[in-house]
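*Asks:* Here you go, one structure.
Derivation of every value follows stated rules applied to the coordinates shown; laboratory data play no part. Given the structure is predicted, the values throughout are model-derived calculations rather than measurements. Methodologically, a virtual Cβ is constructed for each residue, glycine included, from the backbone with ideal geometry; neighbour enumeration extends over all protein chains shown.
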Amino acid sequence: MIDLTDYECGGKSPKHYKRDLERLQARLERIHVAHIEHDAHAVIMVEGWDAAGKGGMIERMTAGWDQRHFEVYPIGAPTAEEKRHDYLWRFRIHLPPPREITVFDRSWYGRVLVERVEGFASEAEWQRAYDEINAFEAEIQAMGITLVKLFVHITQDEQDKRLAKRLDNPWKRWKTGAEDYRNRAKRDEYCAAMHDMFAQTDTENAPWFVVAGNDKKSARIAALTHVADTLEAAVDMNPPPRDPAVVALAQAAFGYEPKD
């Protein structure tokens, strides 16, 4: 059973953060290439509190990836078009084909979090959603897509510090608004909804990985390590051999000779 209070101490900033991050990014780059080469695909879903550092985590995770083979979808309120379909439709249409990775910045769990707490979904709708979500995630995996579910947790004190910094920085004020404070005022209700969410959807085949997010640097290392471990285990990491036809072309063009 996941209890968010177990993730409130956070971790200390890694002593060699820059080195560790660069090594992880190089590893993630190779993993991404392996997905491209071996027709693999994956979904990485990042949930968490406002100002928890989800965007910075995603930015560093994807820094070395080929732009042609991944997409990041930030999830906000559904559009008029999306409202004409069931709530999972806007996620289903962005599931990645082979050779691609999709990152969702927030996710289908909005139905049992913000929509539940703010009354945008009826109790019958959000209660039914647990089974619908589990079925959707099973569908994703049945397609051969690797699924990673991250939740970034921060304390109220840490969230307040980050919201204050956003207000103080003129180039970050756009990242905060009245909605942050509406959600903040209902933290207990959100915590209850989150614990119900974990209890209902932390399954053996689609487990949650909770990140202690009070220290951004240790949170990034923890999250990226988990993503790398999960994706690496699901793809063939052997690089492909040289294509003899391409080698012949290189030899004819500029006298190429293999070095290994």
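*Asks:* By counting other Cβ atoms within 10 Å of each Cβ, how are VAL246, VAL148, VAL33 ranked from fewest to most?
*Replies:* VAL246, VAL33, VAL148
*Asks:* Let me ask something else. If each of ALA253 and GLU118 carries a label point 7 Å out from its Cα toward its Cβ, how far apart are those two points in nm?
*Replies:* Computed distance between label sites ALA253 and GLU118 equals 5.2 nm.
*Asks:* When a/c is below 1.5 the answer is rounded, else prolate if a/b is larger than b/c, else oblate, so apply that to the range 13-159 with a ≥ b ≥ c taken from the square roots of the Cα gyration tensor eigenvalues.
*Replies:* Cα axes put the range 13-159 in the oblate bin.
*Asks:* If you restrict to DSSP beta bridges whose two residues both lie in the range 16-146, what percentage is antiparallel, to the nearest 5? Walk me through the numbers before you get to the answer.
*Replies:* Details: 0 of 12 bridges.
Close to 0 percent.
*Asks:* Follow-up. Going by how many other Cβ atoms sit within 10 Å of their own, how do ASP229, ASP180 line up, fewest first?
*Replies:* Result, fewest neighbours first: ASP229, ASP180.
*Asks:* Got a sec? Charge dipole of the range 4-254, +1 on Cβ for Lys and Arg, -1 for Asp and Glu; which of VAL112, ALA164, ALA142 is way out at the positive end?
*Replies:* Positive-end residue among those listed: ALA164.
*Asks:* Let me ask you something else. Using a ≥ b ≥ c from the Cα gyration tensor of the range 164-232 (square roots of the eigenvalues), is it rounded, prolate or oblate, where a/c under 1.5 gives rounded and otherwise the larger of a/b and b/c decides, a/b for prolate?
*Replies:* Oblate, because a/c is 1.5 or more while a/b does not exceed b/c.
*Asks:* Could you please state, rounded to a whole Å, how far the C-alpha centre of the range 88-139 is from the C-alpha centre of the range 38-81?
*Replies:* Here the answer is 15 Å between Cα centres.
*Asks:* Once Rh for the chain is found with the Kirkwood sum over Cα pairs, what is the Stokes-Einstein diffusion coefficient at 25 °C and 0.890 mPa s, in µm²/s?
*Replies:* Reported coefficient: 122 µm²/s.
*Asks:* Another question, if that's okay. How would you rank 64-72, 154-162, 250-258, highest first, on the average number of other Cβ atoms within 10 Å across their residues? Don't skip to the end; give the middle numbers.
*Replies:* Values: 64-72: 15.0, 154-162: 17.2, 250-258: 9.7.
Output ranking for 64-72, 154-162, 250-258: 154-162, 64-72, 250-258.
*Asks:* May I pose another question? Arranged by the count of other C-beta atoms within 10 angstrom, fewest first, what order do ASP39, ASP215 take?
*Replies:* In increasing order of surrounding Cβ atoms, one gets ASP39, ASP215.
*Asks:* According to a simple spin-label model (label point 7 Å from Cα along Cα-to-Cβ), what is the distance in nm between TRP174 and ASP6?
*Replies:* Between ASP6 and TRP174, the label points sit 4.0 nm apart.
*Asks:* Turning to a different aspect of this structure: Which FRET efficiency, nearest 0.05, do LYS165 and SER13 yield, Cβ-Cβ r, R0 22 Å?
*Replies:* In this case the efficiency is close to 0.85.
*Asks:* Quote the FRET efficiency, to the nearest 0.05, computed for GLU22 versus HIS94 with a Förster distance R0 of 35 Å and r equal to the Cβ-Cβ distance.
*Replies:* Numbers: r = 30 Å, r/R0 = 0.85.
After rounding to 0.05, the efficiency reads 0.75.
*Asks:* May I pose another question? Indicate, rounded to the nearest 5 percent, the antiparallel portion of the DSSP beta bridges found entirely in the chain.
*Replies:* Here the share of antiparallel DSSP bridges comes out near 0 percent.
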